[in-house]
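Some notes on the structure that comes next.
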Amino acid sequence: QVQLVESGGGLVQPGGSLRLSCAASGVDISFYAMGWYRQAPGKQRELVAHVTNVGTVYADSVKGRFTISRDNAKNTMYLQMNSLKPEDTAVYYCNGNPSFLDWGQGTQVTVSS
């Protein structure tokens, strides 16, 4: 059974940092382009970063602040988020890029003072 489990979210002040994790089971993520997505209230889900075996790509809104990485041995992907802004508040999800797996429950990130 394929499962993606996101974790690491929370409440953080503007300028703070969080590290999100995406633990995969039932699928070897090293074979696929993988991405982090987010969905803010009232907005569509958007891709913020993705990683392939040749590199990484970021949305302009997070470039220079977020870093995507993966540990193939642990079958886990990460998103290091620095200099967080209130507009980063959203539920964050991981999936392939393009998304082809069932969505996990996501992890809530709230940036607020």
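Each reported figure results from applying straightforward, stated rules to the coordinates on display, with no laboratory input. These figures come from a predicted structure and were not determined experimentally. Don't worry about glycine lacking a Cβ; one is built from the backbone with ideal geometry, like all the others, and counts go over all protein chains shown.
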Legend entry - Relative contact order [Cα under 8 Å, 6+ residues apart], segment 23-97, whole percent: 38 percent
Inset, instruction - Name the most mobile residue of ASN75, ASN95, ASN53, meaning the one with the largest mean-square fluctuation, in a Gaussian network model of the chain with Cα contacts below 10 Å. - result: ASN53
Legend entry - Loop-located chymotrypsin sites (Phe, Trp or Tyr not before Pro) in segment 14-100 whose Cβ has at most 14 other Cβ within 10 Å (DSSP): PHE100
Inset, instruction - List the residues of segment 14-40 whose backbone N lies under 11 Å from a point placed 7 Å from the Cα of LYS63 along the Cα-to-Cβ direction. - result: none
Inset, instruction - Pull up the cross-link candidates among the lysines for LYS74, meaning alpha carbon to alpha carbon under 28 Å and not fewer than 8 places away within one chain. - result: LYS63
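Report the calculated FRET efficiency for GLN105 and LYS74 (r = Cβ-Cβ distance, R0 = 22 Å), to the nearest 0.05.
Numbers: r = 20 Å, r/R0 = 0.90.
Working from the Cβ atoms, E equals 0.65.
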Legend entry - the chain: Cα Rg divided by the 2.2 N^0.38 Å rule of thumb: 0.99
